[in-house]
Amino acid sequence: MKFTLSWLKDHLDTKASLDEIAAKLSAIGLEVESIEDPAAKLGAFTIARVLEAKSHLNADRLKVVQVETAKGKSPVEVVCGAPNAKAGMVGVFAPLGTFVPGTGITLEKRPVCGVVSNGMLVSERELELSDEHEGIIELAPEMGDHVGERYIDIMGLADPVIDVGLTPNRPDCTGVRGIARDLAAAGMGKLKPERKIGKVEGTYDCPIPIKIEFTKETADACPVFAGRYVRGVKNGPSPAWMQNRLRAVGLRPINALVDVTNYISQDRGRPLHVYDADKLKGTVHARLGKMGETFLGLDGKDYEVDDTMCLIADDNGPLGFGGVIGGEDTGSTDETTNVLIECAYFDPLRTAATGRKTGLVTDARYRFERGVDPASVEPGLDLATDMIVTLTGGQPSKAKVAGRAPVKKRVIGFDFDRVAKLTGLKLKDTEIKGILERLGCTLEAKGKTVKVTVPTWRPDVHGSADLVEEVVRIAGLDRVPSTPLPRTFGIARTVLTERQRRARRARRMLGARGLVEAITWSFVRRSDAQLFGGGADALELDNPISTEMSSMRPSLLPGLLTAVQRNRNRGFADAALFELGQAYRGDSPEDQYLAASGVRSGTARLMGSGRHWDGAACEVDVFDAKADVFSVIAALGLDPNKAQITRDAPAWFHPGRSGALRLGPKVVLAHFGEFHPETLKTFDVAPPAVGFEIFLDALPPEKRKSRAKAPLEAADLLPVRRDFAFVLDRSVAAGDVMRAAAGADRALIQDVSVFDVFSGGNLAEEGKKSLAIEVTLQPTVETLTDKDIDAVAQKVIAAVKKATGGEIRG
Amino acid sequence: MGTKAPSSDLKKLEAELLQDIAGAGDLAGIEQVRVATLGKKGRVSEQMAKLGGMAPEERKAFGQEVNELKGRVSEALEARKIVLEGEALTARLASERADVTLPVRLGPVGDGRIHPVSQVFDECVEIFADMGFAVAEGPDIETDDLNFTKLNIPDEHPTRQEHDTFYFRPKADGSRLLLRTHTSPVQIRTMEVQQPPIRIIAPGRVYRCDSDQTHTPMFHQIEALVIDESTHFGHLKWVLEEFCKALFEVDDVKMRFRASHFPFTEPSAEVDIGAEAIGKPGQWLEILGCGMVHPNVLANCGLDPERYQGFAFGVGLDRMAMLKYGIPDLRAFFSADLRWLRHYGFSVLNVPTLAGGLSS
């Protein structure tokens, strides 16, 4: 919402400076987005008179003119190409050094075809006032009295333009008067009385019938439509002051009739429309559209109508969308002599819907969809009639009003104590009362509570909380005393849930393993989602930013693989990235799950990547991913060795070099492995690359009952270690051997570890491998004799043979 | 028989032996001397062997002399050995020289990084936990009802258009889910199941169908909600002041509250902070929107607005990270560029605490 300072002062009697006004506007919720002072742009241009104009000796179309730029000073020689430059004319002069906004050039002293030009006489386009560039600006001869004075001062253009970002709840401030009212309420001066309107009610009936045609259900679309006929107008350009103001706020002057409606829209937040009455046929009515109807809008575009849109139509068909845009065919032109002025009320929701469907963003829609003052219908019509008659002459008819304005009296019972209760700001009753009254409320005391009648222009005020808002907004939020929030506990309690603590710990653990945390988009390309088991219709965005971001991700891995690929393209092939975040199995809240996932590529292993004098890092493999998973699971308080490892990781992993970590048959804690070559190909990631995903929600809740740790069981007797090497079929899992060995004597065997795996030489030909384990025996009662140890060793050998068919190596 | 006095022979022997000892140049040499002197067939042992053929008187005197000689020679041997060991060690150390300028790996803890958004989130949790706020969470995929209607944003309200919402495809019944445009639905979900007093923060990803220099289609918000019977706008001001001071780790932050409008709060305000808090004096920076929870929102959640009141505010986590840590470009937050992550990311050891400092 734009307005100029002088325009504001039409409504506001104030001595406040522009800066004070701007600060106050922002403080009370009318945020100043910019202030543009034309003096900054056009301040250097002055009034000048052409004393003499001669043809340029070297160029036919140029003239050499002598310009009087200041009274009593010798004339300045200027080269000018304008056809209208002639002796005696008064124009606008730019001295050397002036930046000319329309051309983007700063004037320099230089010869034009051999004659030095000491400045410039400018056109309207060069000042960005209009597109006019046929000739230089030619002012009325009496302007010659102002030679040497600033052009903007003489023409009334030295008027700062203030742009306010309006919140959608303030339709009243879509008019300058509403803004003035707020400022006055906030102590920035006094709201001036309404301007006096002449006699506008005519003596004859409006010759054009007006009807509103809706069903009971749709009656709110346009509950009132007022019109007045004006006979014998003489249209033409509106006066300069009006044109200046319209231009200043970004509106293009058209003709007096149109300009008046635009002016009132801006001045009062009250849109209007003027029809060329001679182009109307039959009755003008407001009604809903019919499918298939079309019309040509004022913007020169064709619009299709549907049966939800509110139309203004005559017997020929639609004229325009009510509250949004008028039609081209019935608009006023310079030839217009008889007009119908429309002043109506259109439903905000329907107006917004029509605007959205048609994509039309107009000043009328802007106001109607926020809610135009329903009580402004007849006053608006009168104001428009008055201005039109003043500017264009003509005889107005009696007003014709179809329907009734939806003016409802809103009375709120208000307890002044509510202000302090809700805001902590203690104000005197007189101050609260004064603010509400200056905003247009009427107050009627009734015991402790006051009955507040809300002005019709404030559709946003419904209850006492709204009134509190009005009071503190105007009184000033800076006056609200900062008040400590009482502590609920002495010392702060733990607030994070177990899940939140686990997420935190998993994040720090993965970082501690050298992985770098990334945050990737929650949506991925649909084909990528499909590759990871997602891509369902239900998780597809209807209006994605791009096809690369259309499907809610089923896993964090596609985003991470994309990131790995991008980093490789930037020259970083060794990437260790992780993300901790949500992914989606479906569209219900329970389908969203939390994962900690990571990808390592190239040589990005735990101890570092790349070549190094102390030993180059080798390529990542499945065990790097497994180690990441186990570390996190262990950090979250679960012994990963007590979970089962199965070979059924999902299809995006290498089928032979991947696994799943499970708790029982149903609960999957994690997947890990090398990626399937096809997966890498799809993401254009060069092998090797491994990844993992840990499903944090799958971890069982912690069962800890006490903070106390279990007592330490450290035996006094020395442990005994024995090595065994088994020859096994190659398919036998090391885990099975370890489990069998550990189970051979649970009382004595404390630990089993694998220290060698060999499958070369003769073993390879036989499809065998050798697995060497170290078994730690921990005696608890007495030192083991050789006999005891041999007995356990035999049990281990037997157990392994039974479980795996493995033979002890000779 | 003209035999030399044994004592003078011994003196000569001792002199020779001591000379041999002194002449031993290394540990092997001194060992040779030791064997030649004290070994079974050594020269001192030879003298001992003579004792057998002597008369008792002579034997006693000679034996004592030889023993004394042996003691002195042994001492000299030991002393020389220590010197030679020292020399040998010096020589060995002189030859053992590592190029200590060779680079070493920092190890995984040095390589890993925490994303600035996670870090600032942890910082915020630390601050709000001290004021008794729990952390509430909710789904990204939301209903129209929870994202808009219950927050007092009716259909066709201009605010809805401003939200640039991502929608999912309509379901058979015509309803359509959306991606939450703010974390406010979490406030609704909390109020629907929890009786006041309520103090929560609701952090998380939010989505707007918008992408340009300063907007990304996904970003992070943290919202706070307090509901009880007495919390008012003055408390809101204090909490925001304390939050900003704690987050930016400064003793004082200038703040400016400008009245504004949000459908879900009333009164509402936008808040600017004096940018000297981040080392840029003379500017104001808009950082958040806030207000007292709208009575309609309370009523929509089944809370009596005559009895309960409270405040809510929302702030961009990414924006806070940008302001606090001088990170220029929002879009880079989600580009997973290792150079950016290593530069702007945080060490895992940098766990924010109030006692130890949020960022140190």
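Annotations for the structure displayed:
- Between helix A:786-804 and chain A there is an angle of about 60 degrees, using the helix long axis and the longest principal axis of the Cα atoms.
- Placing unit charges on the Cβ atoms of the charged side chains and taking the dipole of segment A:576-658 about its Cα centre, the candidate lying farthest along the positive direction among A:604, A:649, A:589 is A:604.
- Convex hull of Cα atoms in segment A:412-479, direction-averaged projection (nm²): 4.0 nm²
- The Kirkwood radius of segment A:720-808, taken over pairs of alpha-carbon atoms, gives through the Stokes-Einstein law at 10 °C and 1.306 mPa s a diffusion coefficient of 120 µm² s⁻¹.
- Dipole-positive endmost among A:516, A:497, A:90 within chain A (Cβ charges, Cα centre): A:497
- Point-charge dipole on Cβ atoms (K/R +1, D/E -1) for segment A:426-582, about Cα centre, debye to 20: 920 debye
- Considering only A:103, A:165, A:53, and ranking their Cα positions along the charge dipole of segment A:12-170 that arises from unit charges at the beta-carbon of Lys, Arg, Asp and Glu, the one farthest toward the positive end is A:53.
- Cα gyration tensor, segment A:498-698 - rounded (a/c under 1.5), prolate or oblate: oblate
- Taking chain B as a Gaussian network of alpha-carbon nodes connected by springs under 10 Å, the highest mean-square fluctuation of the residues B:165, B:101, B:214 belongs to B:101.
- Placing +1 on each Lys and Arg Cβ and -1 on each Asp and Glu Cβ, with no other charges, gives the protein assembly as shown a dipole about its Cα centre of roughly 1980 debye.
- For the residue pairs A:446/B:150; B:150/B:324; A:211/A:279; A:2/A:451; A:421/A:451, the alpha carbons lie more than 23 Å apart in A:446/B:150; B:150/B:324; A:2/A:451.
- Each residue of segment A:29-42 is assigned a 3J(HN,Hα), and the resulting list reads x, 10, 5, 6, 8, 7, 10, 10, 9, x, 4, 5, 8, 10 Hz, derived from the Karplus form 6.51 cos²θ - 1.76 cosθ + 1.60 (θ = phi - 60°), x at Gly and Pro.
- The angle between the Cα long axis of helix A:557-569 and the main principal axis of chain A comes to about 80°, on a 0 to 90 degree scale.
- Per-selection metrics, segment A:210-403 (Cα): Rg and Dmax in Å: 15.3, 46
- Within the listed set B:19, B:221, B:187, the residue fluctuating most in the Gaussian network model of chain B (springs between alpha-carbon atoms under 10 angstrom) is B:19.
- Percent RCO, i.e. relative contact order, over segment A:294-355, from Cα pairs under 8 Å lying at least 6 residues apart: 33 percent
- Paramagnetic reach from residue A:712 in segment A:764-794 [backbone N under 20 Å; point 7 Å along Cα→Cβ]: A:778-781
- Whole-angstrom gap from segment A:533-590 to segment A:408-461, using each part's C-alpha centre: 53 Å
- Label zone of residue A:73 (point 7 Å out along Cα→Cβ, amide N under 17 Å): in segment A:123-157 this covers A:144-154.
- Residue-span extension gain [residue A:453 to residue A:219] - 0.36 nm each, minus C-alpha spacing: 81.6 nm
- Three-way shape label, segment B:8-95, alpha-carbon gyration tensor, a/c 1.5: prolate
- This model, with +1 at the C-beta of Lys and Arg and -1 at the C-beta of Asp and Glu, gives segment B:114-344 a dipole about its Cα centre of some 460 debye.
- Helix A:622-635 axis versus longest C-alpha principal axis of chain A: approximately 80°, rounded to the nearest ten.
- Here the simple spin-label model places points 7 Å from the Cα toward Cβ, and for residue A:306 and residue A:252 these points are separated by 3.0 nm.
- Stokes-Einstein D for segment B:114-344, Kirkwood Rh over Cα pairs, 4 °C, 1.567 mPa s (µm²/s): 71 µm²/s
- Overall shape of the protein assembly as shown was characterised from the C-alpha gyration tensor. The equivalent ellipsoid obtained from it has semi-axes of 88, 41, 31 Å, in decreasing order.
- Candidate cross-link partners of residue B:40 among the aspartates and glutamates, defined by an alpha-carbon separation under 17 Å and a same-chain spacing of 8 or more, comprise B:31.
Here, each number is a calculation from the coordinates, and none is a lab measurement. This one's a predicted model, so the numbers in the text were calculated from it and none came from an experiment. Neighbour counts run over all protein chains shown; Cβ positions are idealised from the backbone, glycine included.
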